[in-house]
1. Tell me, please, whether a residue that is modelled with pLDDT of 90 or more, out of contact with any Cys (no Cβ under 9 Å at 6 or more places or on another chain), farther than 18 Å from Leu57 by Cβ and part of a loop (DSSP other than H, G, I, E, B) can be found in the range 133-143.
2. Could you check how many residues of the range 81-116 are out of contact with any Gly (no Cβ under 9 Å at 6 or more places or on another chain) and not hydrophobic (A, V, I, L, M, F, W, C)?
3. Condition test on Asp81, is it within 16 Å of Ile143 (Cα to Cα), surrounded by fewer than 16 Cβ atoms within 10 Å (Cβ to Cβ) and acidic (Asp, Glu)?
4. Kindly provide the set of residues from the range 115-127 that are without any contact (Cβ under 8 Å) to a residue 40 or more places away in the chain and either among the charged types (D, E, K, R) or part of a loop (DSSP other than H, G, I, E, B) (or both), ordered by number.
5. Could you check the range 28-54 and list, in sequence order, the residues that are in contact with a helix residue (DSSP H, G or I) (Cβ under 8 Å, 6 or more places away or on another chain), over 16 Å from Ala185 (Cα atoms) and part of a helix (DSSP H, G or I)?
6. Given the criterion over 23 Å from Val50 (Cβ atoms) and small (Gly, Ala, Ser), identify the matching residue among Gly150, Gly135, Gly162.
7. Out of everything in the range 172-228 that is polar (S, T, N, Q) and in a helix (DSSP H, G or I), what residue ends up being modelled with the lowest pLDDT?
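The values are calculated or read from the model by the stated rules, or taken from the named source; none is laboratory data. Only a predicted model underlies this, so the values are computations on that prediction, with no experimental measurement involved. Here Cβ is always computed from backbone atoms with ideal geometry, including for glycine, and neighbour counts include all displayed protein chains.
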Amino acid sequence: MSSRSRVVTPVVLVLAVLGLGLAIVLHHDPAAGADGSTLRWVLDHRTSWVTDLATALSTVLAPTWVAVAAVVVAGVLIRRDRRLDRGGRVLVAVASAGALAEVFKVAVDRLRPPLVDQVGAPEAAMSFPSGHVTGTCALVVAIASAVVAGRRARIAAFTVAGVVTVAVGASRLYLGAHWLTDVVASVAVAVAAVIVAPLMTEAVLTAIRPHLPIRIRSMVDVPAEAAR
């Protein structure tokens, strides 16, 4: 992806989410019909074993555990590479996606589906976008973006990332915790964060490099072969 696309694409995605959020605030959501029909479909097709699966998935991929996983993955990448770049991109992607999602949550202040339609412990916090989906999507797509083993490996990594994202999004819809547009907006926010993460990581590392100990500074410097 070109440098221009790394700037333009995230801006377009964030503006799209902003537009949808504004429409929700003004009660002119163009996808309100899809939100309602999706919830009704879920209510008509719930089964005990799917409920257990969705609950487990939603618990394992809660924002807190996603944040822990991001730190662990970043640590593994930094230790393996002896550089901060790839691990830093994973951390920046997840952190920036989470922060942006919280900004939208507060700004839009959307109600979740009715408590009677939710499974398990009722969730009354702000709904738009989904923290579960935003964090999980940012993490798995950032990990896929960090794969450098070859084209087939990258395709496989992005395929797995897509499946995981769809699974956690479906689990949140199934449990009645979010509307369909919450999930769609979450994916847009997460992808925007992953795309811009390399630029943000480079800026942060460049800024802190002069203040790092010499031992750590070598983990930021561009290798000689890459500079030629």
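1. No, the range 133-143 contains no residue that is modelled with pLDDT of 90 or more, out of contact with any Cys (no Cβ under 9 Å at 6 or more places or on another chain), farther than 18 Å from Leu57 by Cβ and part of a loop (DSSP other than H, G, I, E, B).
2. Qualifying residue count for the region: 8.
3. Numbers: within 16 Å of Ile143 (Cα to Cα): yes; surrounded by fewer than 16 Cβ atoms within 10 Å (Cβ to Cβ): yes; acidic (Asp, Glu): yes.
Yes; evaluated as a whole, the condition is true for this residue.
4. So in the range 115-127, the residues without any contact (Cβ under 8 Å) to a residue 40 or more places away in the chain come out as 115-116, 121-122, 124-126.
Ala121, Pro122, Ala124, Ala125, Met126 - these are the residues of the range 115-127 that are without any contact (Cβ under 8 Å) to a residue 40 or more places away in the chain and either among the charged types (D, E, K, R) or part of a loop (DSSP other than H, G, I, E, B) (or both).
5. Leu39, Val42, Leu43, Val50, Thr51, Leu53, Ala54
6. Working: Gly135 fails: over 23 Å from Val50 (Cβ atoms); Gly162 fails: over 23 Å from Val50 (Cβ atoms).
The match here is Gly150.
7. If we filter the range 172-228 for residues that are polar (S, T, N, Q), which is where we start, we get 181, 186, 201, 206, 218.
After this cut, where a residue has to be in a helix (DSSP H, G or I) as well, the list is 181, 186, 201, 206.
On the way: Thr181: 96, Ser186: 97, Thr201: 89, Thr206: 82.
The extreme case among them is Thr206.
Yes/no matrix, rows are residues, columns are (1) buried (at least 21 other Cβ atoms within 10 Å of the Cβ); (2) within 26 Å of Arg89 (Cβ to Cβ):
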{"position": "Ala124", "(1), (2)": "no, no"}
{"position": "Leu139", "(1), (2)": "yes, yes"}
{"position": "Ala153", "(1), (2)": "no, yes"}
{"position": "Thr181", "(1), (2)": "yes, no"}
